[in-house]
1. Would you point out the residue of the range 243-265, among those that are part of a loop (DSSP other than H, G, I, E, B) and aliphatic (A, V, I, L, M), that is surrounded by the fewest Cβ atoms within 10 Å (Cβ to Cβ)?
2. Collect the residues in the range 205-254 that are touching a strand residue (DSSP E or B) at 6+ places or on another chain (Cβ under 8 Å) and away from the ligand (no atom under 16 Å from the Cβ), keeping them in residue-number order.
3. Looking at the range 53-65, is at least one residue in the same structural domain as ASP236 (by TED's automatic domain parsing) and under 18 Å from the mean Cα position of the chain (by Cα)?
4. Do we have any residue at all in the range 127-140 that's under 14 Å from the mean Cα position of the chain (by Cα) and within 16 Å of the ligand (Cβ to nearest atom)?
5. VAL99 fails exactly one of the following numbered conditions: (1) touching a helix residue (DSSP H, G or I) at 6+ places or on another chain (Cβ under 8 Å); (2) within 16 Å of the ligand (Cβ to nearest atom); (3) among the aliphatic types (A, V, I, L, M). What is the number of that condition?
6. For TYR48, are the conditions met, namely being in the same structural domain as LEU193 (by TED's automatic domain parsing), surrounded by fewer than 13 Cβ atoms within 10 Å (Cβ to Cβ), more than 22 Å from LEU198 (Cβ to Cβ) and not hydrophobic (A, V, I, L, M, F, W, C)?
7. Which residues, taken from the range 266-311, are surrounded by fewer than 17 Cβ atoms within 10 Å (Cβ to Cβ) and either of a type in the set (Asp, Glu) or not in a helix (DSSP H, G or I) (or both)?
8. Residue check: is GLU92 buried (at least 17 other Cβ atoms within 10 Å of the Cβ), within 24 Å of the chain's Cα centre (by Cα), within 13 Å of the ligand (Cβ to nearest atom) and among the acidic types (Asp, Glu)?
Amino acid sequence: MTSTLSTARPKIDETHLHAAPRTQVPERLLLGPGPSNAHPSVVEAMNYQPIGHLDPAYLQLMDEVQSLLRYTWQTSNPMTLPVSGTGSAAMEATLANTVEPDDVVLVGVNGYFGHRMMDMAERYRADVRSIHKSWGEVFSLEEIRAALEEHRPRILGLVHAETSTGACQPLEGVGDLCREYDCLLLADTVTSLGGMPLFLDEWKVDLAYSCSQKGLSCPPGSSPFTMSDRALEKMDRRQTKVANWYLDMSLIRNYWGQGRTYHHTAPVNMTYAIRAALRLVADERLEQVWHRHRACAEQLWAGLEDMGIFCHVPHEYRLTTLTTVRVPDGVDPKAVTKAMLADHNIEIGNGLGELGGKVWRIGLMGHNSRPENVDRVLAAMKQVMGR
Ligand SMILES: *Cc1c(COP(=O)(O)O)cnc(C)c1O
């Protein structure tokens, strides 16, 4: 029999496909819970030809990304690198590498992402326990101590910046408690990295993750991950293989570390992008970045109050990167977000989970955190709500 491959024709009819036009992307100001707009220099950095993932120039780039990431997170962990994928991939990497079946994992749940952490830990067959607070509140050190005493976990997971509620869980002192109870501290810093003060080493955080598309002014797809030597030790003492090949840091470290052994093809252009994004943070300096986010958040809160609209979270625990705003009585929240997008090209977020229909979520993250954007969103809200 002769091969028909040389004369093969597609079997699925193509006549209904339109001649592909250039991708049309509307110009939006992304002031929701993420993604936020990428900085023009980041978009420009992505726009080069890929190079090989073992090219010496690429290996140099990886080193730069790692140093910049350590600075941004204030950690000296050697295992600090971007995971290929969005924040949830880096989130899963923290658990996949350290959880062994029947390990007690305790999660502080005060919003949507605490639930996701529990779900992931369960899938790695952890014995998952949880403590709860209502959405918008945070845990006190006393409550955390009592829970550690009761559950004696191997890992305590907390969400530093709960994007679903707008609350910031203080981490000072939690790491010391975790050392006292011999457990690892895992922190979700997806909405705080690149916007709010983070001192991973000082706070004794053992595992942390973030994303590129919120505080780092970068498109989604390259997600910061870090693990301390204590976390590495737990991984190295595993009796079982890491139950996720793609995210297995015992393999990936041979590529990011000395060995430079191929594991999976790096999303090269995303590495260009995150390098440029982290470079922006370093050029501006962290202290100024944090200060700018706080100043813009204060400007937003004051403007909302002038309109007679109030924030969901007490001032003390508010994220400066994301504000949850209570929907006034008689207002249809979804009609407002729809009109904001349609008439003003501004995206803000609706409430999620328990806060669905009760709040809007306004993000001022990374490059988007600028006074003129605060003015724009306030003016648009005034216009839309005035109708
Ligand atoms: C956005 C977010 C995530 C998930 O990140 P993705 O990039 O959407 O996968 C996890 N945790 C928090 C707190 C987030 O805000």
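1. Taking the range 243-265 first, the residues part of a loop (DSSP other than H, G, I, E, B) are 243-248, 257-265.
Okay, now just the ones that are also aliphatic (A, V, I, L, M), so 243, 247.
Numbers: ALA243: 17, LEU247: 22.
Filtering first and then ranking leaves ALA243.
2. The answer is ASP206, MET227, SER228, ARG230, ALA231, LEU232, LYS234, MET235, MET249, ILE252, ARG253.
3. As a first pass, look at the range 53-65 and keep what is in the same structural domain as ASP236 (by TED's automatic domain parsing): 53-65.
With under 18 Å from the mean Cα position of the chain (by Cα) added as a condition, the list becomes 65.
Yes; the residues of the range 53-65 include at least one that is in the same structural domain as ASP236 (by TED's automatic domain parsing) and under 18 Å from the mean Cα position of the chain (by Cα).
4. Let us first name the residues in the range 127-140 that are under 14 Å from the mean Cα position of the chain (by Cα), namely none.
The answer is no, given that none of the residues of the range 127-140 is under 14 Å from the mean Cα position of the chain (by Cα) and within 16 Å of the ligand (Cβ to nearest atom).
5. The number of the failed condition is (2).
6. On the way: in the same structural domain as LEU193 (by TED's automatic domain parsing): yes; surrounded by fewer than 13 Cβ atoms within 10 Å (Cβ to Cβ): yes; more than 22 Å from LEU198 (Cβ to Cβ): yes; not hydrophobic (A, V, I, L, M, F, W, C): yes.
Criteria met by TYR48.
7. Within the range 266-311, ASP283, GLU284, ARG285, GLU287, GLU298, GLU305, ASP306, MET307, GLY308, PHE310 meet the criteria.
8. Values: buried (at least 17 other Cβ atoms within 10 Å of the Cβ): yes; within 24 Å of the chain's Cα centre (by Cα): yes; within 13 Å of the ligand (Cβ to nearest atom): yes; among the acidic types (Asp, Glu): yes.
When the stated conditions are applied, GLU92 passes them.
The values are calculated or read from the model by the stated rules, or taken from the named source; none is laboratory data. Keep in mind the model is a prediction, meaning the values are calculated, not measured. FYI the Cβ positions are ideal-geometry reconstructions off the backbone, even for glycines, and counts take in every protein chain you see.
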